[in-house]
Amino acid sequence: MSVLARVPASAFFLAAVALACVFGPMLSPHPFDRVYPDYVLAEPSFEARPSAGELLAAAEAFASRLGARLDEAEDAGEALLMRISADRPIEAAALGDQPPSDMLGPPRLLEAREGGREMSLEAPVKRELFPFGADANGRDLLTRTLIAGRVSLAVGLAASLVALVVGVAYGAFAGLMGGAVDALMMRVVEVVYALPFIFLVIVLVMTFGRRLDLIFLAVGAVEWLDMARIARGQTLALKEKDYVAAARALGASPFAILARHILPNAAAPILAFLTLLVPRAILLESFISFLGLGVQEPLTSWGALIAEGARHIQGALHLLLFPALFLGATLAALQSLGETLQARVAGRAS
């Protein structure tokens, strides 16, 4: 059996999502914080905008700002040919004073007739593509969903790293020492478990403001607790093994026993459980952002996008649909990967 055949399909999916979130915004023509006022709540489409109707509306609005009427408009692909007329001469100088448009560039005068009361104009057409549509501020939802994935995945990985380092060290040391030390250290874990997580987040936000590093701190502060219990349980089982007793008889220090004998043998179940902590951390961050306590604009996360989509669910379902699909699929893939690894670890142990 080849190496690739042994890799779960969920791992390939997660790798694809991670690569898309890291490199996708770099390849997108839309910066994640770029606002397109003419495309507020634009619907998803794989056709370049503006559509024929949007282009006609933009031409009519342009003529109206000049105090004129739109008599004819022809889409020539890269440019829009317009013929406008008014009851009084149209100021040619006013053509360059029009507010910027996301659909039309600065117009060029082709011909003026009837003493300036009729004009033929050419305006370049700006083509934009919004496969996921645009949000309530006119920002590209695809780019923002990928940027949000960076934040959510970073929180999940950072919180899991904290759980791995702090939780494993804490739990393994407690299990190895045993007795009163173990009992005291586990009581500390239970006390931290009893603290309301949302209360901790609110205190941090009210004290230091909405900052990304505080989200890492808040999520990591609770994620290491389960890992500590797992590491303690593995240590209690392994420290009774003959090779640990032999190392202790030879005078090895507790830290040497942990590093050389217990942690290497406990690595498989710990790493398998670690993959289950990542979706929990992402879900916690999404919950924080959904409550409005997470990342600050213009930065965003999947939870923040879902919260915005929930506010516009009646008229713009796509704002909720795409971030929720990314979040749900990523969580499902992480859960599947964790369960697969745990099953393989259990199979080897039996």
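The values are calculated or read from the model by the stated rules, or taken from the named source; none is laboratory data. Everything numeric here is computed off the predicted structure, so don't read it as measured data. With ideal geometry, Cβ positions are generated from the backbone for all residues, glycine too; neighbour counts draw on all protein chains shown.
General remarks:
- The number of residues in region 210-232 being in contact (Cβ under 8 Å) with a residue 60 or more places away in the chain and either of a type in the set (Gly, Ala, Ser) or touching a Pro at 6+ places or on another chain (Cβ under 9 Å) (or both) comes to 5.
- Contact annotation: residue pairs with Cβ atoms under 6 Å, 6 or more positions apart or on different chains, pairing a residue in region 268-288 that is at negative phi and in contact (Cβ under 8 Å) with a residue 12 or more places away in the chain with a partner that is surrounded by fewer than 19 Cβ atoms within 10 Å (Cβ to Cβ) and in a helix (DSSP H, G or I), are 268/345; 269/345; 272/342; 272/345; 279/335.
- The residues of region 94-145 that are in contact with a Phe, Trp or Tyr (Cβ under 7 Å, 6 or more places away or on another chain) and of a type in the set (A, V, I, L, M), listed by number, are 104, 134, 141, 142.
- Some residue of region 63-85 being out of contact with any Ser or Thr (no Cβ under 9 Å at 6 or more places or on another chain), basic (Lys, Arg), crowded, with 16+ Cβ neighbours inside 10 Å and over 19 Å from residue 322 (Cα atoms): no
- Checked against (1) in a helix (DSSP H, G or I); (2) under 23 Å from residue 130 (Cα atoms); (3) among the small types (Gly, Ala, Ser), residue 77 passes all but a single condition, namely (1).
- Selection status of residue 334, closer than 30 Å to residue 187 by Cβ and either modelled with pLDDT of 80 or more or touching a strand residue (DSSP E or B) at 6+ places or on another chain (Cβ under 9 Å) (or both): no
- Filtered residues of region 180-194 (kept if in contact (Cβ under 8 Å) with a residue 12 or more places away in the chain and either aliphatic (A, V, I, L, M) or surrounded by fewer than 11 Cβ atoms within 10 Å (Cβ to Cβ) (or both)): 185, 186, 189, 192
- Search result, residues across region 218-234 that are among the small types (Gly, Ala, Ser) and surrounded by fewer than 24 Cβ atoms within 10 Å (Cβ to Cβ): 220, 221, 233
- Test set (1) of a type outside the set (Val, Ile, Thr); (2) assigned to a loop (DSSP other than H, G, I, E, B); (3) within 13 Å of the chain's Cα centre (by Cα) - residue 315 fails condition number: (3)
- Restricting the search to helices (runs of 4 or more DSSP H) fully inside region 151-265 and requiring at least 3 residues that are within 30 Å of residue 326 (Cα to Cα) and modelled with pLDDT of 80 or more gives 212-238.
- Hits in region 281-306 (condition: part of a helix (DSSP H, G or I) and either polar (S, T, N, Q) or surrounded by fewer than 21 Cβ atoms within 10 Å (Cβ to Cβ) (or both)): 283, 286, 287, 289, 290
- With respect to the conditions (1) over 18 Å from the mean Cα position of the chain (by Cα); (2) surrounded by 21 or more Cβ atoms within 10 Å (Cβ to Cβ); (3) not assigned by TED's automatic domain parsing to the domain that holds residue 236, residue 167 falls short on a single one, namely (3).
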